[in-house]
Amino acid sequence: MSADSTVVTDLPAKLPESYPNRLSLGYLKDSDKYGNATVQFLSGAQIHMTPTSGIDFEQKFKSQQYGNTMWVYSLFALRVLGEALRQGREELRPTWERGWRSAFEKYGSLEGLQRANSIPSADHAAATRLHACLEAAEIATEPGFRTSLAEVAHVTLEWICDDRTYRPNNHGLMTSIALLAWHVAVERPLGDSKVKDIAVRRIIELAEKAFDDNGMCDENTVGYHNFNLRCYDQVMQLQAVEHIDEAFDRVLRPILERADVALGHCMLQDNTVPTVGDSARVKVNARPSINASGDYSLSGFGVIKDERLYLSMICGGRSEIHKHHDDTSLTLWYDGQPLIVDAGSYLYDRTNPYRVSIESSYGHSGIFVEDVDGMMRHDMKKAWPGYASRLDRGPNRNGSTESMTGSYDVPERLQVARNVTVYPDRWIVVRDTVRMMGDLKSATARQRWLLGPKVAPERLGHGHWACTTDDRVLTVMAIGAFDEDIYRAETFDRHRGWYSDQSGVKHPVYGLDFVGRGLDQEFTTVLHIGDRAVADRAETPECVLRAALSG
């Protein structure tokens, strides 16, 4: 479809009350009476603008160059300044207008358009830019300026509407929401529906693909499950007011209701997102925690959960979107405290060594083979093109115990399996098996435990560790012949022992690896959460010890 079917010579001077995605003024970090302003992107980078400087679209950033370029081309800074104008900050109008005129120059040239449409995350930038154009029309008065705004909006709209540029992920969802905003503000008053039809089709198709039958998102992380739901909330809020299409109520709403339940199971008891995969720890206000176990094995995720315990495992998935090198990775939280963690997200700059560490197997509490240990997911899959993983069995109860199992393999080369069983009184048994069949450089595997940022380990004996927080102790008792490797905040040779619970923030943490060698290996580790350390194996309940020793 060409956006020419809804070309208008002017944009609306007033947006509907239902218009989504208004921006906070909190990104305006500094300004003065002369109109100079500093706007901070969500990545943390800043852009400085004056009444004469406009936007430098080719500026360089010290970190996250690709991501920050996306924010520049999205005209995010002009949205922030526009919101300040709406709140009466008229001294910023010359800076806002000069910024827009530099945008007119960029998007009015073929070279500028080609550059804008080829940057990484160009769809994310286009979605934000279309919102910027609609919002700017509310505060632009000069006719020629408004005509230029409409031209930028239309070239952006045409690119978004082209199915060849559409990607079925959260960026594609953002562009579809921008199309809905265009429909209610511009298209519907003209009696047209072509843009709406594209948006509705894409949104429904994406939701049916993105969420499995149990409601779990295919983006391999609780954080992006939550982000997708926040985006769909905007769709349903628009639907409630504007009655855009009955398919949103008939088809989309049941999918989102299942996804709501899934998020309730997968978030922590305090309504925060755990640091699993590309997840920062953020508060979820719209949905309550469901303090019961959840089986989302279709999407490679399971959680054993009650009022106090949260034990998750990620293994496999339905896509590679945001997927880390994390198969078999566990997290363990108790009373809201992270005891064993996934390392989180940190930054989207894959040249950053901390990001590489956190996204690779170094940032996950799983069972990993040394040949690919420390690799990023895409590099590992290039090295092993036949690699496959799955959560074989999600949380299931057998009497007083609850267990789940995951595995991964490479045909004729490698088989790895993990079984986790939770017993009463906060006992947990983790059993890992590794079988190496050939064509590996090293017959070495590591059972990795990445400890929470407030957890300090003390060695009580071989394979026997007391990991202490402020008010409790996680005892780790490993059974078998293996080496131990303890580390924290390494930066030489390789980066290991780092954790990120907020974007751009990293914490030093302890990593504890049990290192085995041989073609066939077994790792069995007993965990216990208590007020004191388990000083001797004899304190272990008979049923737990029997399972640990015999399987």
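The values are calculated or read from the model by the stated rules, or taken from the named source; none is laboratory data. All figures in this text were calculated on a predicted structure; none of them were measured in a lab. Glycine also receives a Cβ, built like all others from the backbone with ideal geometry; neighbour counts cover every protein chain displayed. Note: accessible area is taken over every heavy atom of the protein model, side chains too, but ligands, DNA and RNA are not part of it. Shrake-Rupley method; radii C 1.70, N 1.55, O 1.52, S 1.80 Å.
Strands (runs of 3 or more DSSP E) fully within the stretch 1-72 that include at least 3 residues being under 34 Å from the mean Cα position of the chain (by Cα) and not β-branched (Val, Ile, Thr): 28-31, 46-49. Tell me, please, whether a residue that is open to solvent by 40 Å² or more (accessible area, probe 1.4 Å), of a type in the set (Lys, Arg) and over 20 Å from residue 347 (Cα atoms) can be found in the stretch 62-85. Looking for residues that are open to solvent by 40 Å² or more (accessible area, probe 1.4 Å), of a type in the set (Lys, Arg) and over 20 Å from residue 347 (Cα atoms), one finds none in the stretch 62-85, hence no. Residue pairs whose Cβ atoms lie under 7 Å apart, separated by 6 or more positions or on different chains, with the first residue in the stretch 278-293 and without any contact (Cβ under 8 Å) to a residue 24 or more places away in the chain and the second surrounded by 15 or more Cβ atoms within 10 Å (Cβ to Cβ), are 283/271; 283/272; 291/269; 291/305.
Regarding the stretch 495-507, can at least one residue be identified that is farther than 30 Å from residue 68 by Cα and either assigned to a loop (DSSP other than H, G, I, E, B) or aromatic (Phe, Trp, Tyr) (or both)? Among the residues of the stretch 495-507, not one is farther than 30 Å from residue 68 by Cα and either assigned to a loop (DSSP other than H, G, I, E, B) or aromatic (Phe, Trp, Tyr) (or both), which makes the answer no. Would you confirm whether or not the stretch 369-389 contains a residue that is under 30 Å from residue 306 (Cα atoms), out of contact with any helix residue (DSSP H, G or I) (no Cβ under 9 Å at 6 or more places or on another chain) and either free of Cβ contacts under 8 Å to residues at least 24 places away in the same chain or of a type in the set (Val, Ile, Thr) (or both)? No, there is no match, as no residue in the stretch 369-389 is under 30 Å from residue 306 (Cα atoms), out of contact with any helix residue (DSSP H, G or I) (no Cβ under 9 Å at 6 or more places or on another chain) and either free of Cβ contacts under 8 Å to residues at least 24 places away in the same chain or of a type in the set (Val, Ile, Thr) (or both). Of 425, 379, 392, all but one fail to be of a type in the set (D, E, K, R) and either in contact with an Asp or Glu (Cβ under 9 Å, 6 or more places away or on another chain) or part of a strand (DSSP E or B) (or both); the exception is 392. Residues in the stretch 230-246 that are within 27 Å of residue 346 (Cα to Cα) and surrounded by 21 or more Cβ atoms within 10 Å (Cβ to Cβ): 1 in all. The residue pairs whose first member lies in the stretch 56-75 and is farther than 18 Å from residue 106 by Cα, whose second member is open to solvent by less than 10 Å² (accessible area, probe 1.4 Å) and part of a helix (DSSP H, G or I), and whose beta carbons are closer than 6 Å, counting only pairs six or more residues apart or on different chains, are 61/68.
The set of residues in the stretch 327-354 that are closer than 26 Å to residue 65 by Cα and not aromatic (Phe, Trp, Tyr) comprises 342, 343, 344, 345, 347, 349, 350, 351, 352, 353.
Among the residues of the stretch 188-197, those that are assigned to a helix (DSSP H, G or I) and more than 18 Å from residue 128 (Cα to Cα) comprise 188, 189, 190, 194, 197.
Table: residues versus (1) crowded, with 24+ Cβ neighbours inside 10 Å; (2) part of a loop (DSSP other than H, G, I, E, B).
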| site | (1), (2) |
| --- | --- |
| 258 | no, no |
| 291 | no, yes |
| 303 | yes, no |
| 311 | yes, no |
| 321 | no, yes |
| 325 | no, yes |
| 338 | yes, no |
| 347 | no, yes |
| 350 | no, yes |
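Among what's in the stretch 508-551 and is in contact (Cβ under 8 Å) with a residue 40 or more places away in the chain, outside any loop (DSSP other than H, G, I, E, B) and open to solvent by 40 Å² or more (accessible area, probe 1.4 Å), pick the residue that is farthest from residue 491 (Cα to Cα). Checking each candidate, the answer is 543.
Please go through the stretch 389-412 and pick out each residue that is more than 15 Å from residue 298 (Cβ to Cβ) and open to solvent by 30 Å² or more (accessible area, probe 1.4 Å). Answer for the stretch 389-412, where residues must be more than 15 Å from residue 298 (Cβ to Cβ) and open to solvent by 30 Å² or more (accessible area, probe 1.4 Å): 397, 398, 399, 400, 409, 411, 412.
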